[in-house]
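Structure record follows, encoded as structure tokens.
Every number here is computed from the coordinates shown, using simple stated rules; none is lab data. Being a predicted model, the structure only gives us computed values, none of them experimental. Cβ: placed from backbone, ideal geometry, glycine included. Neighbour counts: every protein chain shown.
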Amino acid sequence: MSERHDDDSFEPMGLRKIIHVDMDAFYASVEQRDDASLKGQPVAVGGSAERGVVAAASYEARKFGVRSAMASAQAKRLCPNLIFVRPRFAAYREVSRQIRAIFHEYTPLVEPLALDEAYLDVTEDLKGIGSATRIAETIRARIKAETSLTASAGVSYNKFLAKIASDQNKPDGLCVIRPGQGAQFVAGLPVRRFHGVGQKAAEKMAALGIHTGAELAAKDILFLRQHFGSLADYLYRAARGIDLRRVSADRPRKSVGTERTFDRDIAAAPALREALDNIIAIAWGDIERLNARGRTVTLKLRYADFTLKTRSRTLADWVSGRAEFAALGHALLEELLPLPQAIRLMGLTLSSLEGDKEEAINPRDAQLSLL
């Protein structure tokens, strides 16, 4: 299912042509590109040999088991020759702008998920190429030529399958899942490959006798709701290769920020604070790029059991700058420490944006708000 197909006949079935592009080991690859001494070396972005957490790891480091969100000390034990470098988010944002400019030459329907990945709907591409596979190949070649970095891509008829496909042949790979192949493709995957299914959820599924997409598809919706709550409907559809979401490039912006799903759940306070610092740096870069002003800062945590917790603080005036944004984010985190369990996702956003009438606050409500 990963072979090349130039004739992407998706439209007669009323289906879309979706590409998911994901840069390979993005932060670490930028560092290796910009510093020749790091090429071919095991590199960890973030942290240090003594403290902190790994924000990203090169493929050379991953061979030793080093992963993002891993404590730096543990990473160093796994890979004694690991080289730690400080993150340069301005450099990563600049590369991200280059990549997105390439995307927009082929379609206006681009939905960024992070600095290093995005969905593209190329059902009606701007250059009239017609084949989503050829567009994906062209985009990957241009990224390599213009940034000296590699990207992997997945091509399919919905977002869920395209995202799974982009991870299938990493690094520097391409995978195509055509109409009629989705359910069969998903059936053979371990459930851990499903986006949104972390280590704890996979362990819970294993205890229930669910290891693959086929075994997940064999469970009815009532069983899934009993054991997985709000995640059940997503799991039911995903196990059948179904995803009705559209690529949303023009959604009204209600907030600006970022979130990260960690490779390993984290609970220790120092690691949580370090992870939040990385998120703040990325989120504030987007806030500055969009020239956004807002009054509400929201911290989002998803625990290992998929329970979602949010805390927010709303000010009477605009958040004044990065320092205040960071201080509010850390204050919200400290209010929750110690956590009752490890988390698999963290996010921080700025909302109640200027010009957003729905989010405008009443002066009498301009005080701490806990959600």
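In debye, nearest 20, what is the charge dipole magnitude of region 28-88 about its Cα centre with +1 on Lys and Arg Cβ and -1 on Asp and Glu Cβ, if you could check?
Computed about the Cα centre, the dipole is about 160 debye.
With an 8 Å cut-off on Cα pairs and a minimum separation of 6 or more residues, tell me the relative contact order of region 28-88 in percent.
Taking the mean separation of contacting Cα pairs over the length of region 28-88, I get 34 percent.
Once a ≥ b ≥ c are taken as the square roots of the eigenvalues of the Cα gyration tensor of the chain, is the result rounded (a/c under 1.5), prolate (a/b larger than b/c) or oblate (a/b not larger than b/c)?
rounded
About the Cα centre of the chain, what is the dipole size in debye to 20, counting +1 per Lys and Arg Cβ and -1 per Asp and Glu Cβ, all else neutral?
Here the chain has a charge dipole of around 620 debye.
Which of the listed residues, 150, 227, 119, is farthest toward the dipole's positive end in the chain, when Lys, Arg count +1 and Asp, Glu count -1 at the beta-carbon?
It is 227.
Over the chain, what is the relative contact order in percent, taking alpha-carbon pairs closer than 8 angstrom and at least six residues apart?
Once divided by the residue count of the chain, the mean separation gives 16 percent.
From the convex hull of the Cα coordinates of region 28-88, what is the mean projected area in square nanometres?
About 3.3 nm², averaged over all directions.
Which entries of 200/300; 127/170; 159/309; 17/300; 17/170; 254/309 show an alpha-carbon separation above 24 angstrom in the structure shown?
With Cα atoms farther than 24 Å apart: 127/170; 159/309; 17/300.
Run lengths n ≥ 4 of DSSP H only: what is the helix-derived mean residue ellipticity at 222 nm for the chain, with -39500 (n - 2.57) per run over all residues, to the nearest 500?
-10500 deg cm²/dmol
Would you mind checking the radius of gyration and Dmax of region 107-260 based on alpha-carbon positions, in Å?
Gyration radius and largest Cα-Cα distance of region 107-260: 16.8, 50 Å.
Would any residue of region 201-232 have its amide N under 12 Å from a label point 7 Å out along Cα→Cβ of residue 242? List them or say none.
221
Count the net charge of all other residues whose Cβ sits under 13 Å from the Cβ of residue 79, scoring Lys and Arg as +1 and Asp and Glu as -1.
Overall, the nearby charge balance is +4.
Kindly provide the Kirkwood hydrodynamic radius of region 255-365 in Å, to one decimal, from all pairs of distinct alpha carbon atoms.
14.2 Å
Which whole-number percentage describes the relative contact order of region 106-224, with Cα contacts under 8 Å and a sequence gap of 6 or more?
Reported as a whole number, the value is 14 percent.
Sorted by average packing, counted as other Cβ atoms within 10 angstrom per residue and highest first, what order do 204-213, 172-181, 314-323, 115-124 take?
Highest-to-lowest ranking by the protection proxy: 115-124, 172-181, 204-213, 314-323.
Find which of 103, 73, 186 sits farthest along the positive direction of the dipole of the chain, computed with +1 on the beta-carbon of Lys and Arg, -1 on that of Asp and Glu, about the Cα centre.
Toward the positive end, the furthest listed residue is 73.
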